[in-house]
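Inspection log for the structure reproduced underneath, given as structure tokens.
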Amino acid sequence: AGIGKRVALDLARRNARTILACRSRERGQAAVEEIRAATGNPAVLLRLVDTSSLASVRAFAQAVLREEKRLDVLVNNAGLTGLPFTITPEGLEKTFATNYLGPFLLTNLLLG
């Protein structure tokens, strides 16, 4: 939803192979189908990642590096706000992990 979906829609309209990295399979798949229908671009894909989990970020990055020939643009748009204080299984504060640590790790893992 929001900015991330708008960016993905614009990239797909430009005929870019577009990967939506989402936490929710259901919401992500709905967005993929909506973007494909709006753009006629079949190369809009869903990949699951939870940026609050560094293990999930690492698995996602490994899959992207294995499956994709190249990566031209990365848009980090994950964000949480207003949640009660929560610690992730990895011992990190969830909002900080989701909004900062996960995207930072992802960016660094995907650099060539």
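The values are calculated or read from the model by the stated rules, or taken from the named source; none is laboratory data. Just so we're clear, the structure is a prediction, and the values are computed from it rather than from any experiment. Cβ placement follows ideal geometry from the backbone for every residue including glycine, while neighbour counts extend to all protein chains displayed. Ligands, DNA and RNA are stripped out before the accessible areas are found, and what is left, the full protein with its side chains, is counted by its heavy atoms. Shrake-Rupley method; radii C 1.70, N 1.55, O 1.52, S 1.80 Å.
Couple of notes before you dig in:
- Whole-percent carbon and sulfur share, accessible surface of region 51-111, 1.4 Å: 59 percent
- Shown is the FRET efficiency for residue 110 and residue 33, computed with R0 = 22 Å from the Cβ-Cβ distance and rounded to the nearest 0.05: 0.30.
- Ordered from highest to lowest accessible area with the whole protein assembly present and a 1.4 Å probe, 48, 65, 105 read as 65, 48, 105.
- Probing with 1.4 Å while keeping every protein chain in the model, the per residue accessible area of the chain equals 65 Å².
- Residue-span extension gain [residue 94 to residue 26] - 0.36 nm each, minus C-alpha spacing: 22.3 nm
- When the solvent-accessible area of region 1-48 is split by element, carbon and sulfur atoms take up 49 percent of it, the probe being 1.4 Å.
- Eigen-decomposition of the gyration tensor built on the alpha-carbon atoms of the chain gives equivalent ellipsoid semi-axes of 25, 17, 11 angstrom, largest listed first.
- Extension gain (nm, one decimal) between residue 16 and residue 59, 0.36 nm per residue minus Cα-Cα: 13.2 nm
- Loop sites in region 1-38: trypsin sites (Lys or Arg not before Pro), DSSP, at most 15 other Cβ within 10 Å: 14
- Going by accessible surface with a 1.4 Å probe and the largest first, 3, 35 read 3, 35.
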